[in-house]
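The values are calculated or read from the model by the stated rules, or taken from the named source; none is laboratory data. Please read these numbers as outputs of a predicted model, since none were measured by experiment. No Cβ is skipped: glycine too gets one built from the backbone with ideal geometry, and neighbour counts run over all protein chains shown. Heavy atoms of the whole protein, side chains included, go into the accessibility calculation; ligands, DNA and RNA do not. Shrake-Rupley method; radii C 1.70, N 1.55, O 1.52, S 1.80 Å.
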Amino acid sequence: MYYPWLDVPVLTAPMLIAIIALLHVFVSYYAVGGGLLLALENDRSHRDGDVEYRAYLKKHTRFFVTLTLTYGAVTGVGIWFFIGLASPLATEVLIKTFVFGWAIEWCFFLLEIVSGLAFYFFWDKFSPRVSSFVGWTYAFSAWISLVLITGITSFMLNSGGLVADWESTGSFWHAFLNVQLAPQTIARTGCAFMLSSFYFLLHASLFAKNPSVRAKVTRHMRFPAFLGVFLLACGVVGWFFFLPESSLATLERASATNIFSGLFVAIIAAIVLVLVVGPVARPNETSAGVGLALALLGIAAVSVSEFVREAVRKPYIVNRVVYSNQIMRGDVKRMRKEGLLYTGVWTNWLLDELQQKEEYQELDISSERYLNRSSNHVVRVTSGLEEKEDQKNDDAAPQPPNTTSDGADASLSYVEQTSALAQYSSGGAASFAPFATPQQRTNNDFSSQALNVGVDYQQAASSEPQNLSSSQPLVQPNIQVNHVVTASNLLDDAGSDVTDIGQLSESVDALVASDLDEETNADILEAEQREQPTKLSVKELDVGLHGPIAYGNPDLLSLNEEDRLTLGRAVFMHHCNCCHAEKMGYSAISPLLAGRTVESIKELALHLNHVHYYMPPWAGTEVEATLLAEFLDTIKPEYPANVFQELKPKQKKNNIEKEQGTQEADEASSQDEVVSNGAAVGENASSGLSNEF
């Protein structure tokens with residue numbers, strides 16, 4: 001909707017990200033843990049004066065630097081490339097929230113590269129003290145990079161802040177210091193120690209020619225390996241403790257996460273067993289097979305844990321902000337009202353193309369015809385993270401007109417020009433980052449009142465009265481209301497009597513105030529629902545948070561079959577393609593539809609989150625659900641033939657004969673029963689007569 005969709009046949013876009021991310025993680029953990037182990041072993045070799053051991057460490061450092069600073073760096077850039085394509089909205093939200101954190105991480109990554117290269121190329125030239133300093137500089141910078149990245153990935157799972165509520169403040173530190181930061185940092189540090197020690201064992205068993213050196217590496221890597229397993233276990237316990245309710249429910253009830261969770265426990269148990277039997281019991285006999293087995297088990301443990309960590313985020317990709325299908329949580333209400341096809345730039349182009357067809361000239365298909373809104377001014381609904389003060393510093397941005405000379409025409413022109421630059425939000429994520437800056441709130445200018453309508457009313461009500469219009473009432477303290485008014489709607493609702501900026505500003509204030517009850521903040525609603533969980537049904541919760549589903553534009557159902565299917569596939573691609581393949585592949589939707597009718601598919605789409613809480617809510621109209629159902633009906637498979645398959649002739653004959661035999665037996669038994677009943681009646685009659693006489 002906000003961005004063009006990425007079609008990755010069979011594999012799907014999320015799995016493409018997962019593959020690239022895993023290939024990077026296997027080396028990034030080595031970059032962190034291996035740096036710590038190399039710094040430690042470098043100090044030990046200097047202290048012991050072991051020349052042969054230092055020669056091996058130099059060989060290992062060459063392998064380490066070559067792998068981490070080339071392959072690791074390239075796959076890291078690859079992750080950025082693929083998440084920008086496959087998950088652009090979530091990437092946008094994370095960049096705007098954590099741009100400071102990523103800037104710090106890039107600085108430490110640069111320090112990591114420089115110190116790593118110096119550590120190897122000046123291996124024999126540095127004094128022991130300088131060599132130790134450079135080694136620990138690399139180790140520290142690599143671990144800090146891990147912490148910074150973990151703060152971002154843990155925020156995606158649970159945005160709850162340790163210090164303050166990020167959704168209310170929008171602070172980088174409140175987002176970074178989330179409740180999942182410490183557990184995931186501990187778990188990732190444990191993974192780094194565990195994997196790196198296994199890589200050391202495997203490398204030594206293959207390239208250390210001296211048996212004493214191999215034995216020394218084995219003895220030195222035992223403690224980091226067990227420490228890594230212990231830290232990983234502690235981190236997983238903490239991760240489980242701070243899971244959101246939806247993630248905990250998914251972990252407990254989804255079959256895939258159940259299987260992978262049990263598999264993770266089994267792999268960890270196998271790692272401990274191999275460590276005890278191999279390096280602990282026989283350090284001098286550890287072979288390449290043992291090293292390879294431990295490395296593969298470590299890779300499997302990391303893969304399974306990463307899969308579970310990603311899977312339990314549903315229905316969100318960024319907790320409480322972006323749903324897994326790349327739709328902002330706060331935008332669902334508007335999309336249910338206007339339609340998914342009408343709230344996206346790319347889908348609007350498709351509607352405009354259909355409107356231009358001669359056969360549809362009598363229909364209202366485009367935004368301009370259906371919503372009385374120019375397609376050029378269809379603005380993307382965003383998270384509200386944009387800073388409006390940037391427009392004040394932009395020379396290209398239009399300036400407010402001089403109302404004393406330009407009059408009403410200049411006012412309307414200004415709104416039309418600015419609407420092309422402005423981006424609005426309907427709540428949700430907007431609550432943590434108010435549109436208007438403090439400076440804008442104190443200025444009685446048109447831009448801060450009309451365009452920055454997501455004003456933080458909490459501050460306006462709890463502080464000294466600002467220079468606001470008298471027609472705009474102050475609401476109760478501690479209540480935030482986020483409301484959206486597009487520029488074209490403002491003009492339509494304000495009427496033709498607007499003659500200057502002041503009148504238009506007052507009209508805007510009145511419009512915002514009149515809709516306060518309709519656009520209740522989602523966070524307040526959720527708080528009320530938590531207080532009274534038993535009084536609201538699932539349907540009431542859904543409607544209360546996401547709004548009712550409008551019927552939509554009936555003219556879309558008047559299109560020919562080919563165009564309806566085109567729109568249906570567009571709905572699928574923008575609403576479902578982020579997680580589901582079409583006919584075959586990862587989580588393909590087609591096999592799940594066998595035997596369903598168009599109407600049942602439509603009802604499933606409209607109420608999918610009512611049954612499956614890990615699915616995002618429907619973000620469109622009923623008409624669009626019909627278009628989606630019609631498209632999905634064309635790709636659903638036939639019902640399995642053997643379920644309703646007729647019997648073979650021989651089987652039919654045997655069954656018929658069996659049925660006939662059973663029927664004859666039943667008839668015979670019924671006749672015997674009649675005869676016996678008649679005899680019994682005769683006996684009773686004769687006994688009765690004898691008794692009478």
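May I ask you to compute the full-extension gain from Ser558 to Val276, defined as 0.36 nm times their residue separation minus their alpha-carbon distance, rounded to one decimal in nm?
On the way: separation 282, 0.36 × 282 = 101.52 nm, distance 7.11 nm.
My answer for the length gained is 94.4 nm.
Ordering of 558-564, 639-645, 362-368 by packing is 362-368, 558-564, 639-645, highest average first (other Cβ atoms within 10 Å, averaged per residue). Comparing His46, Ala73, Pro9 along the charge dipole axis of the stretch 1-82, the residue lying farthest to the positive side is His46, per the Cβ-charge model. Spin-label pair Phe122-His610: with each label point 7 Å from Cα along the Cα-Cβ axis, the two points sit 6.9 nm from one another.
Taking amide H atoms as placed 1.01 Å from N in the peptide plane, the amide H of Asn178 lies under 5 Å from those of Leu162, each 5 or more residues away in sequence or on another chain.
Around the amide H of Val322, modelled in the peptide plane, lie the amide H atoms of Ile317, Arg329, all under 5 Å away and 5 or more residues distant in sequence or on another chain.
The charge dipole of the stretch 28-135, taken about its Cα centre with unit charges on the Cβ atoms of Lys, Arg (+1), Asp and Glu (-1) only, comes to about 180 debye.
Around the Cα centre of the stretch 84-201, unit charges on the Cβ atoms of Lys, Arg, Asp and Glu (plus for the first two, minus for the last two) sum to a dipole of about 300 debye.
Simple rule: put +1 on each Lys or Arg Cβ and -1 on each Asp or Glu Cβ in the stretch 243-320, find the dipole, and look at Ala270, Ala301, Val290; the Cα lying farthest toward the positive end is Ala301.
Once both labels are positioned 7 Å from their Cα atoms along Cα-to-Cβ, the gap between Val345 and Trp106 label points is 2.3 nm.
Starting from the Cα-Cα distance between Glu599 and Val543, subtract it from 0.36 nm times their residue separation and give me the gain in nm to one decimal. Each step should come with its number before you reach the end.
On the way: separation 56, 0.36 × 56 = 20.16 nm, distance 2.10 nm.
Separation in residues times 0.36 nm, less the Cα-Cα distance, equals 18.1 nm.
Here the accessible area of the stretch 539-625 is 59 percent carbon and sulfur, with a 1.4 angstrom probe and all protein chains present.
In this simple spin-label model, placing a label point 7 Å from the Cα along the Cα-to-Cβ direction at both Asp50 and Ile635 gives a separation of 5.9 nm. The residues of the stretch 1-130 have, on average, 47 Å² of accessible surface per residue, using a 1.4 Å probe with all protein chains present.
The phi-based Karplus calculation (6.51 cos²θ - 1.76 cosθ + 1.60; θ = phi - 60°) puts the 3J(HN,Hα) values of the stretch 128-145 at x, 5, 5, 4, 5, 5, 5, x, 6, 5, 4, 4, 5, 5, 5, 5, 5, 4 Hz, whole numbers, x for Gly and Pro. Net charge of the neighbourhood of Thr61, taken over other residues with C-beta under 13 Å away and scored Lys/Arg +1, Asp/Glu -1, is +2. Given R0 = 35 Å, the distance between the Cβ atoms of Lys209 and Ala266 translates into a calculated FRET efficiency of 0.45. Would you mind classifying the stretch 546-589 by shape? Square roots of the alpha carbon gyration tensor eigenvalues, ordered a ≥ b ≥ c; an a/c under 1.5 is rounded, otherwise it is prolate if a/b is larger than b/c and oblate if not. Since a/c reaches 1.5 but b/c is at least a/b, the shape of the stretch 546-589 is classed as oblate.
With a Förster radius of 25 Å, plug the Cβ-Cβ distance of Val99 and Asp165 into 1/(1 + (r/R0)^6) and report the FRET value to the nearest 0.05. The value I calculate is 0.75.
Across the stretch 239-254, coupling constants 3J(HN,Hα) worked out from phi with the 6.51/-1.76/1.60 Karplus curve, θ = phi - 60°, read 4, 5, 5, 9, 5, x, 4, 5, 5, 5, 5, 5, 4, 7, 10, 6 Hz, and Gly and Pro carry x.
Ligands, DNA and RNA left out, the 1.4 Å accessible surface of the stretch 182-232 is 74% carbon and sulfur atoms.
With an 8 Å Cα cut-off and a minimum separation of 6 or more residues, compute the relative contact order for the stretch 209-364 in percent. Walk me through the numbers before you get to the answer.
Details: 95 pairs, mean separation 33.5, N = 156.
Dividing the mean separation by the residue count of the stretch 209-364 yields 21 percent.
Starting from one equal scatterer on each C-alpha and no solvent at all, send me the Debye-based log10 I(q)/I(0) for the stretch 148-306 at q = 0.08, 0.21 Å⁻¹, two decimals. One equal scatterer on each Cα of the stretch 148-306 leads to -0.30, -1.21.
Here, the stretch 1-52 is characterised by an Rg to Rh ratio of 1.42, where Rg is the alpha-carbon radius of gyration and Rh the Kirkwood radius.
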